[in-house]
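Taking it in order: structure first as structure tokens, then the write-up.
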Amino acid sequence: RLLLAIANRLLGREEEAYRNLRLIFPALLVDDLDLMRDDPRLDLFAADADFQIMVADFEKQSEVTRAEIREIEENF
């Protein structure tokens, strides 16, 4: 799906590119979270508002999860 998203984005088919990217986006970030911002595969999307929204939404959800983990650790 990532390769399809990249190919479609290169061809100017943004809607199709994001349809594929959204299907794998959370899993892609979880698998490569430490490298996400340096992943050259995602550079093509970095300037897109849609991509920035996807990343921001993921980071918000991640912060909620981290806060829940901190709370559990504090009550342990």
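General observations
- Remark: the Leu44-Leu23 segment gains 5.8 nm on full extension, using 0.36 nm per residue and subtracting the alpha carbon distance.
- Within the chain, the ratio Rg/Rh, alpha carbon atoms throughout and Rh by Kirkwood, equals 1.09.
- Whole-Hz Karplus values for segment 64-76 come out as 4, 5, 4, 5, 5, 5, 4, 4, 4, 5, 5, 8, 7 Hz, taken residue by residue from phi with 6.51 cos²θ - 1.76 cosθ + 1.60 and θ = phi - 60°; glycine and proline positions read x.
Read-outs throughout are calculated quantities, based only on the coordinates presented, and are distinct from any laboratory measurement. Quick caveat: nothing in here was measured; it's all calculated off a predicted structure.
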